[in-house]
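Working notes, beginning with the structure itself.
The values are calculated or read from the model by the stated rules, or taken from the named source; none is laboratory data. A quick note: this is a predicted structure, and the numbers were derived from the prediction, not measured. Note that we place each Cβ from the backbone using ideal geometry, even for glycine, and neighbour counts take in every protein chain shown.
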Amino acid sequence: MQRKACHDFAAKMGWVIVGEEQETGVSGYKVSADDRDKLQLIKKYAEQGKFDILLVFMFDRLGRKSDETPFVVEWFTKKRASASGAYRKESSGLSPTRTA
């Protein structure tokens, strides 16, 4: 459901999905963003300029701890890769995208 929602949202926005990452068996409530392998990989891609927008189903997919999420979003913004949520209850599908 999350993946489909992200793909539908990207299509509606005219964005091209250039890659997808999914965390399996990782609880963001128990594991800090700094210790999540997939999130670190996506940060590496952001630093390399491989995408413009990080599309997530909901912002809580980035940092499941409410005090952590804003800092994760801010990090991507500083790297010129904005973050967008497909489900607008703005608060693991992670889909880096490029604007068309």
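I'm trying to understand the selection: among the residues of the range 37-85, which are of a type in the set (Val, Ile, Thr) and either crowded, with 19+ Cβ neighbours inside 10 Å or closer than 23 Å to residue 1 by Cβ (or both)? If you could, list the steps in order and put the result at the bottom.
First pass over the range 37-85, keeping only residues of a type in the set (Val, Ile, Thr): 42, 53, 56, 69, 72-73, 77.
Of everything in the range 37-85, those that are of a type in the set (Val, Ile, Thr) and either crowded, with 19+ Cβ neighbours inside 10 Å or closer than 23 Å to residue 1 by Cβ (or both) turn out to be 42, 53, 56, 69, 72, 73.
Quick one: is residue 10 modelled with pLDDT under 85 and surrounded by 15 or more Cβ atoms within 10 Å (Cβ to Cβ)?
On the way: modelled with pLDDT under 85: no; surrounded by 15 or more Cβ atoms within 10 Å (Cβ to Cβ): yes.
Here the answer is no, as residue 10 does not meet what is asked.
How about the range 13-36: which of its residues are at pLDDT 90 or above, closer than 20 Å to residue 79 by Cβ and either among the small types (Gly, Ala, Ser) or surrounded by fewer than 12 Cβ atoms within 10 Å (Cβ to Cβ) (or both)?
The one that is at pLDDT 90 or above, closer than 20 Å to residue 79 by Cβ and either among the small types (Gly, Ala, Ser) or surrounded by fewer than 12 Cβ atoms within 10 Å (Cβ to Cβ) (or both): 19.
I'd like to check something: does the range 58-67 contain any residue that is at pLDDT 75 or above and in contact with a Lys or Arg (Cβ under 8 Å, 6 or more places away or on another chain)?
Yes, because at least one residue in the range 58-67 is at pLDDT 75 or above and in contact with a Lys or Arg (Cβ under 8 Å, 6 or more places away or on another chain).
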